[in-house]
Amino acid sequence: MSSLSELMLNVGESKTMALSALIKELKAEGKDVLSFTAGEPDFNTPEFIKKAAIKAIHNNFTRYTANEGDPELLKAIIEKFAKDNDLRFEPKNILVSSGAKHSIYNVLMALCNPGDEVIFQSPYWVSYPEMVKLAGAKPVVIETHAEEKFKITPEQLEKAITPKTKVFLFNTPSNPTGAVYSKDEILALAEILKRNDVFIISDEIYEKIVFDKEKHFAIGSVEALREKTITINGVSKAYAMTGWRIGYAAGNEKIIRLARNLQSHSTSNACSISQAAAVAALTQHSEEVTGMVIAFQKRRDFIVDELNRIDGIHCPLPKGAFYVFFDVSKFFGKTTDHTKITDSTSFCDYLLKEERVGLVPGIAFGNDKCVRMSYACSYEEIIDGINRIKSGLKKLG
């Protein structure tokens, strides 16, 4: 057999997706497994969104749309950016894709050449380094720690920038840590970016899920950075529409044009029915979205309090998204009759095997001391999961 792609041989699969698939397998086998792995709200898509999709089907809106997205959805996205983020775009600045992940990939491919460097922080979303590699570029990771609330400083950013830096990939609210950068913190980073010839990809998919009166601020609204910033968003998280697969990118026309060209030869347009549903999500007010955020905050408060009651665990308070990212390194070296905990992977493997609790090892996000636990699940499951974690950790000696 001929050799396979060297590029793809150096790209690993998504750890979160792999774990979610494994847990679904175990459940299908009848195993009582609690999954806290996937970033997927447990709420149903609101009825008004589903009705818009059904109407689209009955109206035979089932054919190809324009590659960049249906004009009605482009209009809704433009209005959303203007109202929520002080971002001003025209249809030529927008590309609708099959999820925000697809949007980021398209833009990285449009921007990067072999040897370019892409800066992002650790802990990072699992797909960032792999997508950078696929674009032929080099990941440059800035490490952050719980003591700094998992946020980078302007000094760290400035130190990381080199003549090879092409992109700063920025994520707030953050997956996996739930960190939310304030307006002042973003403006401080913007001062560094103003002085450097660097593009910014701003991943804002968790924009609507913020707590404690925090407010999301779009870095692309900084006047000096408008032409350098490509803003990524979508409907998956805020509207419980993960399976509908609609994301979008907005920014400099030349960059978006290249991303459109790529999409035209890979996937073509995003699903027409999903686009119709996304129009409803973005244009019709719903108390259901507010209710989801209130429920997430209640779950967050409970889970952080309970985890911090466990001797050996340190869990910072996330300000957005729906994950806790907590330090379990004090359990490294502990054992049972059949297991020794040596890192975040063995910690998660142990709890999955011993207590049927699925967590994601922090190494997947660039931090091997921590694990990620999603609270995009029911309150009852969280209570059960915390009790199982306590039970499993008590058995370690």
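Every number here is computed from the coordinates shown, using simple stated rules; none is lab data. For clarity, every value in this text was computed on a predicted model and none was experimentally measured. Neighbour counts are summed over all protein chains in view; Cβ atoms, including those assigned to glycine, are modelled from backbone coordinates with ideal geometry.
Miscellaneous remarks
- Euclidean distance of C-alpha centroids, the range 71-145 and the range 349-382, integer Å: 27 Å
- One decimal place: the segment GLU158-ARG195 gains 12.4 nm when fully extended, by the rule 0.36 nm per residue minus the C-alpha distance.
- Averaging the sequence gap over all C-alpha pairs within less than 8 Å and six or more residues apart, then dividing by the number of residues, gives the chain a relative contact order of 22 percent.
- Extension gain, LYS183 to ALA66: 0.36 nm times the residue separation minus the Cα-Cα distance gives 38.5 nm.
- Our helix-only sum for the chain, with -39,500 (n - 2.57) per DSSP H run of n ≥ 4 divided by its residues, gives a mean residue ellipticity at 222 nm of -12500 deg cm²/dmol.
- By the count of other C-beta atoms within 10 Å, a proxy for reagent exposure, ARG356, ARG300 are ordered fewest to most as ARG356, ARG300.
- Only the Cβ atoms of Lys and Arg (+1) and of Asp and Glu (-1) were treated as charged; on that basis the dipole of the range 62-283 about its Cα centre amounts to roughly 540 debye.
- 13 Å cut-off, amide nitrogen to a point 7 angstrom out along HIS145 Cα→Cβ, residues in the range 354-371: 369
- Separation of the alpha carbons by more than 25 angstrom is noted, of LYS151/LYS228; LYS83/LYS213; LYS27/LYS369, for LYS27/LYS369.
- Likely footprinting exposure, LEU34, LEU307, fewest C-beta neighbours within 10 Å first: LEU307, LEU34
- Evaluated on the range 277-397, the Kirkwood hydrodynamic radius is 15.5 Å, with distances taken between all distinct Cα atoms.
- Euclidean distance of C-alpha centroids, the range 1-21 and the range 226-265, integer Å: 24 Å
- For the range 61-165, the percent of C-alpha pairs falling in each 5 Å distance bin, counted from 0 to the bin holding the largest distance, reads 2, 11, 15, 16, 16, 17, 14, 6, 2, 1, 0.
- Pair-distance profile P(r), taking every C-alpha pair of the range 114-185, with 10 angstrom steps and integer %: 20, 52, 26, 2
- Relative contact order of the range 62-283, pairs being alpha-carbon contacts under 8 Å that are 6 or more residues apart, as %: 30 percent
- Here the scattering of the range 62-283 is modelled by Debye summation over its C-alpha atoms, one equal scatterer each and no solvent; at q = 0.10, 0.14, 0.17, 0.18 Å⁻¹ the log10 of I(q)/I(0) is -0.40, -0.82, -1.23, -1.39.
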